1. If Rh is defined by the Kirkwood formula over all Cα pairs and Rg also comes from Cα, what ratio Rg/Rh do you get for region A:1-94?
2. Put a dot 7 Å past each Cα toward the Cβ at B:HIS36 and B:ASP164; how far apart are the dots in nm?
3. Would you be so kind as to identify which of B:ALA102, B:PRO129, B:LEU112 lies farthest towards the positive end of the dipole of region B:83-138, taking Lys and Arg as +1 and Asp and Glu as -1 on Cβ and the Cα centre as origin?
4. Any chance you could check region B:104-136 for residues losing 30 Å² or more of accessible area when the partner protein chains are in, compared with the chain on its own (1.4 Å probe)?
5. What is the distance in Å between the Cα centres of region B:19-33 and region A:22-47?
6. Rounded to the nearest 10 degrees, what's the angle between the helix A:136-160 long axis and the longest principal axis of chain A, both from Cα atoms, 0 to 90?
7. What distance in nm separates the simple spin-label points at B:SER4 and B:ARG28, each placed 7 Å from Cα in the Cβ direction?
8. On average, how many beta carbons from a partner chain sit within 10 Å of the beta carbon of a residue in B:12-21?
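The values are calculated or read from the model by the stated rules, or taken from the named source; none is laboratory data. Remember, it's a predicted structure, so these values are computed and weren't measured experimentally. When we count neighbours, we look across all protein chains shown, and the Cβ atoms used for this are built from the backbone with ideal geometry, even at glycine. For the accessible areas, the whole protein counts, side chains as well, though only heavy atoms, and no ligand, DNA or RNA atoms are used. Shrake-Rupley method; radii C 1.70, N 1.55, O 1.52, S 1.80 Å.
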2 protein chains.
Amino acid sequence: MQSSNKFSLAEAITLLTQTPLTLNALLRGLPDIWTHNNEGKDTWSAFDIVGHLNSAERHDWMPRVRTIMESGEARPFDPFDRFAQMRESEGKSLEQLLDEFARLRSESLAALQAMNLQSADLARRGTHPALGTVTLAELLATWVVHDLTHLHQLSRVMAYQYRDEVGPWSAFLGVLKCAGHRAG
Amino acid sequence: MQSSNKFSLAEAITLLTQTPLTLNALLRGLPDIWTHNNEGKDTWSAFDIVGHLNSAERHDWMPRVRTIMESGEARPFDPFDRFAQMRESEGKSLEQLLDEFARLRSESLAALQAMNLQSADLARRGTHPALGTVTLAELLATWVVHDLTHLHQLSRVMAYQYRDEVGPWSAFLGVLKCAGHRAG
C-alpha cells in the first residue's frame, strides 16, 4: 500500500486556502432547507458546521500554533469550547458565516506565513489537554484533515435531505449509509 | 424528526450547477500526490472520481431522463459501464477532467431545462435494470445525491493521505474512521 503523504507546509497552506472557496461554491445561495436542516436531534446543519469552522479558526488553530511556538510543552492548549459557535453564529445568515470564514482563514494563513516556520519548527512539541504530546506538524496536518472531515459531514448532511426522494437508488448511494462518525 | 426535503426541480438544478464549482475549488492546482493517490488496491483517487462523474454525465443522467420521457417503463435503462471512465480519462490531466466536467454538466442542465418538465412529468416511470420501477423525480434526486456521495468520498480519500501525519488527533477525526461505504 502506498504510504501516507509526508507533511508539507506549502501543501497544507494550499489545501487550507481552498476550503473557503469550496464551501462557498457548495453552499452559497442554497435555500434554507438545504443549509439549516440537520440529521435529527443533536446533529449539525450546514449552518452549524460553518459556524464551527469559524469558531475553530478564532479559538483553536493559530492560537495553538502560537502556544507551541511560545511555550512548547510547558503550557497545555486551551480546551476547545465546542459550543462557542452557538453564541458567535447567533442572528447571522449563512452568507455572513461564509464571508467570515473566508476572512478568518485568510487572516490565519497570513499570520502562519509571517511566522516563516522552518523544518526544525515543525518538530516542536506542545501539550494537548486530552491527547498529550503533539507536534506542530501534527497540529497543522490536523487543521487540513479537520476541514476535510467537515466537508465529509456536509456532503452527508445535505444528501440526507433527499434520503426519501431517491427511492430505490438509496441502496447504491454510499453517503446515505454513512453512520456519521463523530466529526469534532 | 424533520421530514426529507420534497423534490424540487429548481433546487436540484441549483445543486447540480454548483458541483463543478465545488470540485474546481477543492481540487484544481493541487499536487498530484493529493489527486492521484487512492485508499489502496481497487479504490479510487480524486482523478478517478472526477473521471467517473464525467462518465456518468455522458452515459447515465440525461440519457436516462430521455429514456423515461421517450419510452417510459417499456425500455429499461442501458446498464452503466463503471469502467468506461478508464478509457475516457486516459492520458488526460485532472485539470482537463475538471474542464470537461464543467462543460458536460452545463450541457446536461441546458438540455434538462429545455425539456420544460412539468409536475406530471416528474411522476413518469422508467425501468432500472437492477432496481425495477423508478420515477423521473427519483432519477433527478439521485443525480443530486450521487454528486454528494462522491464529494463525501473525495473528502475521505484526501483525508486518508494525511492519516499518519495527524498523530494522536486521528482519534478525533471522523473522516478517518469512515469505512468507505460503496459509493457507486
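1. On the way: Rg = 16.6 Å, Rh = 15.9 Å.
Ratio of gyration radius to Kirkwood radius for region A:1-94: 1.05.
2. Here the answer is 2.0 nm between the modelled labels.
3. Looking along the dipole axis, the top candidate is B:PRO129.
4. By number: B:LEU131.
5. Computed from Cα coordinates, the inter-centre distance equals 21 Å.
6. That works out to roughly 0 degrees.
7. Computed distance between label sites B:SER4 and B:ARG28 equals 3.4 nm.
8. Details: counts 2, 0, 4, 7, 0, 2, 7, 2, 1, 6.
Mean shielding by partner chains, rounded to a whole number: 3.
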